[in-house]
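Everything below concerns the one structure shown next.
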Amino acid sequence: MGMPPGPDNPYGQQPYGQQPPPPPGYGAPAYGAPAYGQPGYDQPGYGAPGYGAPAPGYGAPGYGYGPPPEMLAGWGSRVGGTFVDALVGVLVGIPMIAGYIWLFSKMEKTGEVDINGNETMTYEGGPGPIVLVVIGGLIVFAFMLWQLYKEGKTGQTIGKKAVGIRVLREADGSTLGFGMAFVRRLAHFLDSISCGIGYLWPLWDAKKQTFADKVTSTVVVKAG
């Protein structure tokens, strides 16, 4: 057995089985307190927001993964936004359309036929129509890039802003950024090759997503 502290026990060791009590705060935390200083559920810093905490970007209490159903944009609003974007796109493309009309008006038939039996044509105009087509095409291309930039930065194109909707990341409600907005635009190819079913999918889908939305994990919500 160990010896009590004293002259014959210079190291101050306690007898066996009689160790000193642990210092305050050492060991398991009190019942109901977070373990070892780790933030508890529903407390700031615990990874995902706790139940009832606002989901970042959505501006309303979170109900699990993604926005609550009442925040999802209706199919009619999405169609309206697409229609407005298409209309604005036609207006921006007027110079290019005019250039093509001018170009084809300067095409004349030669009276000859090719190997397929089609009558050949020749261009008899100057460079004006071609220049107008090129400049108009650059304007349309720049407009498309600007639309993608705005959608990635704010969640809204001109059409989406007009009807009061925006596209956001499903996980946290943040905006997509230009790169993901571009990928989502490409993913609409899936909506088209499915005979348009992908565009109709939001009518019965629980999250009102198109195929492109599911691929890119995005949702379209009401703007305010």
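Readers should treat all values here as calculations from the given coordinates under stated rules, not as data from a laboratory. None of the values given here were measured: they were computed from a predicted structure. Neighbour counts are summed over all protein chains in view; Cβ atoms, including those assigned to glycine, are modelled from backbone coordinates with ideal geometry.
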Projected area averaged over all directions for the convex hull of the alpha carbon atoms of region 66-202, nm², comes out at 11.4
Note: Arg185 to Ala86 extended length (0.36 nm per residue) minus current alpha-carbon separation gives 34.2 nm
Per DSSP, the loop-located GluC sites (Glu not before Pro) within region 113-196 having at most 15 other beta carbons within 10 Å are Glu124
Stretched fully, the stretch from Ile193 through Met144 gains (0.36 nm per residue minus C-alpha distance, one decimal, in nm) 15.5 nm
Rounded to one decimal in nm, the spacing of the 7 Å Cα→Cβ label points at Ala223 and Val131 is 3.9
Note to self: C-alpha centroids of region 66-110 and region 155-206 sit apart, in Å, by 16
If N is the residue count of region 141-208, its Cα Rg over 2.2 N^0.38 Å rounds to 1.15
Other residues with Cβ under 13 Å from the Cβ of Val88 give, with Lys and Arg +1 and Asp and Glu -1, a net charge of +2
Lys and Arg at +1, Asp and Glu at -1: neighbours of Glu170 with Cβ under 14 Å from its Cβ sum to +3
For Ala181, the net charge from surrounding residues (Cβ-Cβ under 10 Å; K, R +1; D, E -1) works out to +3
P(r) over all Cα-Cα pairs of region 86-136, 5 Å bins from 0 to the longest distance, whole percent per bin, short to long, reads 5, 20, 20, 16, 14, 12, 8, 4, 1
Relative contact order of region 69-222 (C-alpha contacts under 8 Å, at least 6 apart) in percent is 26
From the cross-link list Lys153/Lys207; Lys160/Lys214; Lys106/Lys160, the entries with a Cα-Cα span beyond 31 Å are Lys106/Lys160
